[in-house]
Amino acid sequence: MDDLNENAEQGFVIDEVNSVIKESIENVVGSSQYETVKIDMWMNSIIEQCIENLTKLDKPYKYVATAVIMQKTGAGLQTSSSCYWDSTTDGKLLNQ
């Protein structure tokens, strides 16, 4: 039980999570050009790798991963989400 409390006191480490996310994106997409037929596979693979590698960090957190891939055509994109958490121990990260 002490290990759980010790990990919780460390808080959400953004740099650590950001590294996992960037690595997952690079592993899946790399320098590939946008291909509509590959988008579903890319998004699923990125999300699976993110959750798998975040879980390996062995932190006492729940993870939610969302992926949006769009082609740069000048068209707009609107998204919305809502979360409820304890800002002293939980965190969020937006990676673009």
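Scanning the stretch 28-68 for residues that are farther than 25 Å from Y84 by Cα and among the small types (G, A, S) yields G30, S31, S32, S45.
Scanning the stretch 13-42 for residues that are outside any loop (DSSP other than H, G, I, E, B) and modelled with pLDDT under 90 gives I14, T36, I39, D40. If only residues of the stretch 45-79 that are of a type in the set (G, A, S) and under 16 Å from the mean Cα position of the chain (by Cα) are counted, the one that is farthest from V28 (Cα to Cα) is A65.
Looking for something among the aromatic types (F, W, Y), surrounded by 10 or more Cβ atoms within 10 Å (Cβ to Cβ), at pLDDT below 90 and closer than 29 Å to T89 by Cβ - is there at least one such residue anywhere in the stretch 54-70?
Yes, the stretch 54-70 contains a residue that is among the aromatic types (F, W, Y), surrounded by 10 or more Cβ atoms within 10 Å (Cβ to Cβ), at pLDDT below 90 and closer than 29 Å to T89 by Cβ.
Listed by first and then second residue, the pairs with beta-carbon distance under 9 Å, at least 6 apart or on different chains, first residue in the stretch 72-93 and farther than 26 Å from F12 by Cβ and among the basic types (K, R), second assigned to a loop (DSSP other than H, G, I, E, B) and modelled with pLDDT of 80 or more, are K72/Y34. A search for C-beta distances below 6 Å between a residue of the stretch 52-65 that is of a type in the set (S, T, N, Q) and any residue that is in a helix (DSSP H, G or I) and surrounded by 12 or more Cβ atoms within 10 Å (Cβ to Cβ), counting only pairs 6+ apart in sequence or on different chains, returns N53/V20.
The values are calculated or read from the model by the stated rules, or taken from the named source; none is laboratory data. Since we're looking at a predicted model, the values are computed, not measured. Don't worry about glycine lacking a Cβ; one is built from the backbone with ideal geometry, like all the others, and counts go over all protein chains shown.
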